[in-house]
1. For the chain, return all DSSP H helices satisfying: extent of Cα atoms along own axis at least 18 Å; mean Kyte-Doolittle hydropathy at least -1.0.
2. Mind giving me the FRET efficiency for His20 and His75? R0 is 22 Å, r the Cβ-Cβ distance, nearest 0.05 is fine.
3. Using modelled backbone amide H atoms (1.01 Å from N, in-plane), which distant-in-sequence or interchain residues come within less than 5 Å of Gly117's amide H?
4. With a 1.4 Å probe and every protein chain kept in, tell me what percent of the accessible surface of the range 2-138 is carbon plus sulfur.
5. Report D for the range 1-47 in µm² per second (integer): Stokes-Einstein, Kirkwood Rh on Cα pairs, 20 °C, 1.002 mPa s.
6. Name the residue from Ala28, Val110, Leu56 whose Cα lies farthest towards the positive end of the charge dipole of the range 2-138, charges +1 on Cβ of Lys and Arg and -1 on Cβ of Asp and Glu.
7. Compute the projected area of the convex hull of the Cα atoms of the range 2-138, averaged over all viewing directions, and report it in nm² to one decimal place.
8. For the range 14-46 and the range 51-82, what is the separation of their Cα centres, given in Å?
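The values are calculated or read from the model by the stated rules, or taken from the named source; none is laboratory data. Worth saying up front: this structure is predicted, and the values here are computed from it rather than measured. Glycine gets a Cβ as well: all are built from the backbone with ideal geometry, and neighbour counts include every protein chain shown. Please note that ligands, DNA and RNA were not included when accessible areas were found on the heavy atoms of the full protein model with its side chains. Shrake-Rupley method; radii C 1.70, N 1.55, O 1.52, S 1.80 Å.
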Amino acid sequence: MLSGPNLNLLGEREPEVYGHHTLADVEAMVRERAERLGVEVRFVQSNHEGVLVDELHRARLDCHAVVLNPGAFAHTSVALRDAIAAIRIPVVEVHLSNVHAREPFRRRMVLAPVVRGQVVGFGAHSYVLGLEAAVHLARGGRG
Ligand code: CA2
């Protein structure tokens with residue numbers, strides 16, 4: 001489970017947009033669901049594009065799927081797009097907020113063509129839904 005820039009600040013500001021949960025709360029919710037699904041999850045948050053690229057490369061060696069909240073890189077990063085296209089495991093993109101209902105620049109989603117699907121707009125629950133989708137795909141379900 002990869003989280004991009006500024007998501008370490010979750011819960012500290014803009015609760016009307018991102019909710020009151022901290023990233024640690026999100027992690028706890030995901031861990032609870034992961035336990036019930038019988039899967040292991042590794043959590044990484046980074047503010048650095050290259051670290052996220054490295055983590056995607058690493059995931060291809062020891063993970064069955066990735067749930068990615070790329071933060072603002074969703075709207076800009078050709079490097080993340082190329083990294084996702086380069087790995088074979090399914091990547092599910094998640095966003096806390098409904099990016100389509102916000103500023104026009106957030107409607108440009110550069111990773112969308114290479115991820116297996118997106119979950120947007122459900123707050124912290126987007127991550128849990130993203131996990132469910134990733135497990136479904138990793139177990140051979142159709143996307
Ligand atoms: O809705 C999402 O999950 C986003 O990925 C969040 C990004 C934003 O740039 C994307 O368009 C949508 C921003 C994360 C910023 O997180 C903050 C957390 C606390 C306070 C302020 C920002």
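1. The answer, listed by residue number, is 23-37, 49-62, 125-138.
2. On the way: r = 25 Å, r/R0 = 1.12.
So, using R0 = 22 Å, E works out to roughly 0.35.
3. Correct list: Glu93.
4. 51 percent
5. The Stokes-Einstein estimate is 188 µm²/s.
6. Checked the options; the winner is Val110.
7. Computed as one quarter of the Cα hull surface, the answer is 7.3 nm².
8. 17 Å
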